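These notes are about the structure you will find just below.
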């Protein structure tokens, strides 16, 4: 019964979207975590989504999604001259993470909308299944 | 007696496969390079009901390759033509997919309603009620 697979598919998408939300939250939380060197500064992270093909040979159509990895943004860090800062390096510079708050906010909205869509799919499929179970009663 | 439920039993099977496909599309709405897929309901139903004019090409040898991949009940899975191309290669149009899923759900429920009607009609006949 392929309706049961819908729960797996939509569930995998909800997991992936919640990972995306977590990463976004982490980026936003660390948006102002300054550091005294480029190596130790927080860098914005982004999840990479990938389609899961259940088994190509059996002709199955069940395709969920998963997070295949999380990459760190290689964009340049923001360097600010503030010699009074306790974290300042020898030249008086501190380094800010390369988190773009606008990008993160749009990412968060997109993730939460996608999550909601998948919840709706699960609810509709549940209704379809329950009605099928009640058939003939 | 086998024909009592007519096309609706087949339609339910195809509708549930289609629900799975559309759920895959919606689940992969944010996956780069994912190509949205769907089945042609009319063609599949025709093929399953024995309508040869609408059916697909036969695979007469085990070594023949399947052009598109098939669902569990043998339906050809086709690729959707995107209305608007995405930079990341994803062809899922979320609104189209959602409305297709909703339409599919309604049609599934319609088939269920027909089946329920047939079953209650049968039960009335068995009990001898009018």
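Go through the range A:18-67 and give me each residue that's touching a helix residue (DSSP H, G or I) at 6+ places or on another chain (Cβ under 6 Å) and at pLDDT below 90. Hits for the range A:18-67 are A:61, A:62, A:63, A:64. Take residue B:125 and tell me if it is away from chain A (no Cβ under 11 Å), modelled with pLDDT of 85 or more and closer than 22 Å to residue B:3 by Cα. For residue B:125, the condition - away from chain A (no Cβ under 11 Å), modelled with pLDDT of 85 or more and closer than 22 Å to residue B:3 by Cα - is met.
Taking the residues in the range B:22-36 that are in contact with a strand residue (DSSP E or B) (Cβ under 6 Å, 6 or more places away or on another chain) and outside any loop (DSSP other than H, G, I, E, B) as candidates, determine which candidate is surrounded by the fewest Cβ atoms within 10 Å (Cβ to Cβ).
Here the residue is B:24.
If the condition is being away from chain B (no Cβ under 14 Å) and buried (at least 23 other Cβ atoms within 10 Å of the Cβ), then the range A:22-40 contributes only A:27. Here the condition is being more than 22 Å from residue A:4 (Cα to Cα) and either surrounded by 14 or more Cβ atoms within 10 Å (Cβ to Cβ) or at pLDDT below 90 (or both); of B:74, B:69, B:50, it holds for B:50 alone. List pairs: first in the range A:1-21 and more than 7 Å from chain B (Cβ to nearest Cβ), second assigned to a helix (DSSP H, G or I) and modelled with pLDDT under 90, Cβ under 7 Å, 6+ apart or cross-chain? Going by the 7 Å Cβ cut-off, there are no qualifying pairs.
Only residues that are away from every other protein chain (no Cβ under 14 Å) and in contact with a helix residue (DSSP H, G or I) (Cβ under 8 Å, 6 or more places away or on another chain): list them for the range B:11-50, please.
Of everything in the range B:11-50, those that are away from every other protein chain (no Cβ under 14 Å) and in contact with a helix residue (DSSP H, G or I) (Cβ under 8 Å, 6 or more places away or on another chain) turn out to be B:41, B:42, B:43, B:45, B:46, B:47, B:48, B:49.
Residue A:84 meets all of the listed conditions (1) closer than 30 Å to residue B:15 by Cα; (2) out of contact with any helix residue (DSSP H, G or I) (no Cβ under 7 Å at 6 or more places or on another chain) but one, namely (1). The residue of the range B:79-98 that is surrounded by the most Cβ atoms within 10 Å (Cβ to Cβ), among those that are in contact (Cβ under 8 Å) with a residue 12 or more places away in the chain and outside any loop (DSSP other than H, G, I, E, B), is B:97.
The values are calculated or read from the model by the stated rules, or taken from the named source; none is laboratory data. Values in this document were obtained by computation on a predicted structure and should not be read as measured data. Because the Cβ atoms are built from the backbone with ideal geometry, glycine has one as well, and the counts that use them run over all protein chains shown.
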